[in-house]
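Down below is the structure, laid out as structure tokens.
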Ligand code: PSU
Ligand code: MN
């Protein structure tokens, strides 16, 4: 049985040459940002990876196949499509088996990246433990994926729509290394600090690459979460973003939004409430994550 994988020409070439490749997710395109900013951002992120010396591989399921690397036309079509399925670990096989199309979350993108031999993945924010999880049990499958699948994920931490202390506790329980890049604090997406200490700190891509390889040598499953703070110039202070987060959470509760719809609903509401500000910050942090992920992938490729 061959895997239902389709590589773009660029990614196929990079694989043959052993060049650095950075995986990129597609749920951020379909459920994380509005059109047309989603397509513009995805295109800029790919360009940033290239400018940093690596090859971008945006991952999505289309027509029952896992696409590793999308053409500009495919990216545009995905960004404009309505009601695209959001695929996490639980949804991936069914979507493929039934010949459907869907966007991959952090968890599903990690699974696909691993199948394609890609070790590094850049995104904006990961899913986590939701506020009120003690009642709702809403904990993103992204966390367990980090414990299972050997891909280093570069994100700007997690959004304060989540319960960040519980998210860090849960990652510790799962044995996932959480590495703040260049600072001691765990970043909170739009803000550089969550007010919580990250369990680990590293200051170079080389160190992150070394610990990625060491986990493999030890036979430990799972990857690493690299939490890269948003650039200073793009930061939105916690006090400014907090009321918008509270408003979105209250509305989600009042409307009974649940399960997979929670994260997209909150992101959409916060975009609307903050206008251009949150979107500009989001774009800046994804670009910064793309640069760091490219540096890590370059280190890993050099050592292979
Ligand atoms: N958090 C963000 N932006 C995003 C997501 C999360 O700040 O776009 C997306 C990612 O694809 C992530 C998914 O993997 O939402 C998590 O969804 P859930 O909480 O339903 O697992
Ligand atoms: Mn959930």
Looking at the chain, send over the antiparallel percent of its DSSP beta bridges, to the nearest 5. 30 percent
Cut-off 12 Å, label 7 Å out along Cα→Cβ of residue 19, residues of segment 53-89 by amide N: 53-57
Once you keep just the Cα pairs under 8 angstrom separated by 6 or more residues, what percentage relative contact order results for segment 200-279? 23 percent
For the chain, averaging the sequence separation of alpha carbon pairs under 8 Å that lie six or more residues apart and dividing by its residue count, the contact order in percent is 20 percent
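Quick check: from the Cα gyration tensor, does the chain come out rounded (a/c under 1.5), prolate or oblate?
Verdict is rounded for the chain.
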Among 104, 152, 43, rank each residue by its count of other Cβ atoms within 10 Å, from fewest to most, as a rough exposure measure. 43, 152, 104
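At a temperature of 37 °C and a viscosity of 0.692 mPa s, determine how fast segment 29-68 diffuses translationally according to Stokes-Einstein, using the Kirkwood radius over alpha-carbon pairs as Rh; express D in µm²/s, rounded to the nearest whole number.
My calculation gives 293 µm²/s for D.
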So how far apart, in nm, are the two label points at residue 255 and residue 94 if each is 7 Å from Cα heading toward Cβ? 2.4 nm
What number, in percent, do you get for the relative contact order of segment 1-139 if the mean sequence gap of Cα pairs under 8 Å and at least 6 apart is divided by its residue count? 30 percent
How much length, in nm to one decimal, is gained on full extension between residue 280 and residue 206, taken as 0.36 nm per residue of separation minus their Cα-Cα distance? 23.7 nm
Please report how far the C-alpha centroid of segment 121-161 lies from that of segment 232-304, rounded to the nearest whole angstrom. 12 Å
Quick one: pull the percentage of alpha-carbon pairs in segment 6-53 with a separation above 14 Å. 58 percent
Stretched fully, the stretch from residue 83 through residue 218 gains (0.36 nm per residue minus C-alpha distance, one decimal, in nm) 44.4 nm
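Bear in mind that the values in this text are calculations on the coordinates, not laboratory data. These numbers were taken from a predicted model, which means no experiment stands behind them. A quick note on method: Cβ atoms are made from the backbone with ideal geometry, for glycine too, and the neighbour counts reach across all protein chains shown.
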